[in-house]
Amino acid sequence: MMAVTSSLTAAQVWAWLDDVPDPEIPVISIVDLGVVRGVDVTGDQVKVTITPTYSGCPAMGIIALDIETALAKQGVTALQLETKIAPAWTTDWLSDKGRARLEGYGIAPPQPAGGPSGCPHCKSGAVEKISQFGSTPCKAQWRCTSCLEPFDYFKCI
């Protein structure tokens with residue numbers, strides 16, 4: 001384990017947090033998802049601000065534990081986690097890398113028009129909504145009418 005020194009930077013902490021996967025969609029990090037809203041480092045004190053994707057997100061407890069674990073492995077012992085619900089999380093906070101990883105994983109990334117631009121499997125634009133509710137509350141269930149594969153669509157919030 002590396003001992004944290006006064007040379008610890010917010011950039012290092014951001015990089016470490018970029019390795020923490022979202023517990024519900026492990027292909028995307030909590031940084032790329034936009035859940036991590038801020039990192040402040042003062043000496044050996046680290047403050048991480050997080051925002052849930054929605055106010056009742058059941059994964060926030062796991063995310064907090066994963067942050068604590070990841071930073072403890074790097075030698076951070078003085079950690080303050082702050083959860084802010086305002087401003088509310090929005091899909092605009094997803095990084096381009098995160099959007100690409102969602103699509104590569106078979107989840108259509110959010111689009112401003114409110115529906116997927118196409119099938120994440122075969123790229124056909126022939127898709128239909130099956131249900132407004134998917135595997136988690138932030139996703140809807142869609143199906144491609146070309147390849148007939150179902151897929152999740154990450155709802156635009």
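Just the projected area, averaged over all directions, of the convex hull on the alpha carbon atoms of the range 99-154: how many nm²? Could you put the intermediate results ahead of the total?
Working: hull surface 13.3 nm².
So the Cα hull casts an average projection of 3.3 nm².
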Query raised in the report: Counting only Cα, what are the radius of gyration and maximum Cα-Cα distance Dmax of the range 30-88, in Å?
Result: 11.4, 34
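Of the heavy-atom accessible surface of the chain (probe 1.4 angstrom), what whole percent is carbon and sulfur?
Numbers: 4180 of 7840 Å².
Answer for the chain is 53 percent, counting heavy atoms of protein chains only.
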Report task. Largest first and to the nearest Å, give the Cα extent of the chain along each principal axis. Result -> 56, 27, 22
Query raised in the report: Looking only at Cα atoms, what is the convex hull volume of the range 69-126 per residue, in Å³?
Result: 118
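Counting Lys and Arg as +1 and Asp and Glu as -1, each charge on the Cβ, what is the dipole of the chain about the Cα centre in debye, to the nearest 20? List each step's numbers first, then the result.
On the way: 12 positive and 16 negative charges, 72 e Å.
Once rounded to the nearest 20, the dipole reads 340 debye.
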Report task. Treating only the Cβ atoms of Lys and Arg (+1) and Asp and Glu (-1) as charged, compute the dipole magnitude of the range 99-154 about its Cα centre; round to the nearest 20 debye. Result -> 100
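Working with all protein chains in place, sort I107, I130 by solvent-accessible area computed with a 1.4 Å probe, largest first. Before the final figure, lay out each step's value.
Values: I107 10, I130 80 Å².
Solvent-accessible surface, decreasing: I130, I107.
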Report summary line: Note to self: with every protein chain in place and a 1.4 Å probe, the chain gives an accessible area per residue in Å² of 50
Report summary line: According to the Cβ-distance criterion of 4.7 Å, cysteines of the chain with no possible disulfide partner are C57, C138, C156
**Report entry** Estimated dipole of the range 10-83 in Debye, rounded to 20 [Cβ of Lys and Arg +1, of Asp and Glu -1, Cα centre]
**Finding:** 120
Query raised in the report: Along the charge dipole of the chain, which of L148, A64, T136 sits closest to the positive end, that is, farthest toward it, with unit charges on the beta carbon of Lys, Arg, Asp and Glu (+1, +1, -1, -1)?
Result: L148
Query raised in the report: Is any residue of the range 38-52 close enough, with backbone N under 16 Å, to a label point placed 7 angstrom from the Cα of T136 along the Cα-Cβ axis, and if so, which?
Result: 50-52
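The values are calculated or read from the model by the stated rules, or taken from the named source; none is laboratory data. Here the structure is a predicted model, which is why all the values come from computation and not from measurement. Ideal geometry is used to build each Cβ from the backbone, glycine not excepted, and the neighbour counts take in all protein chains shown. Quick note on the areas: whole protein, heavy atoms, side chains included, nothing else; ligands and nucleic acids left out. Shrake-Rupley method; radii C 1.70, N 1.55, O 1.52, S 1.80 Å.
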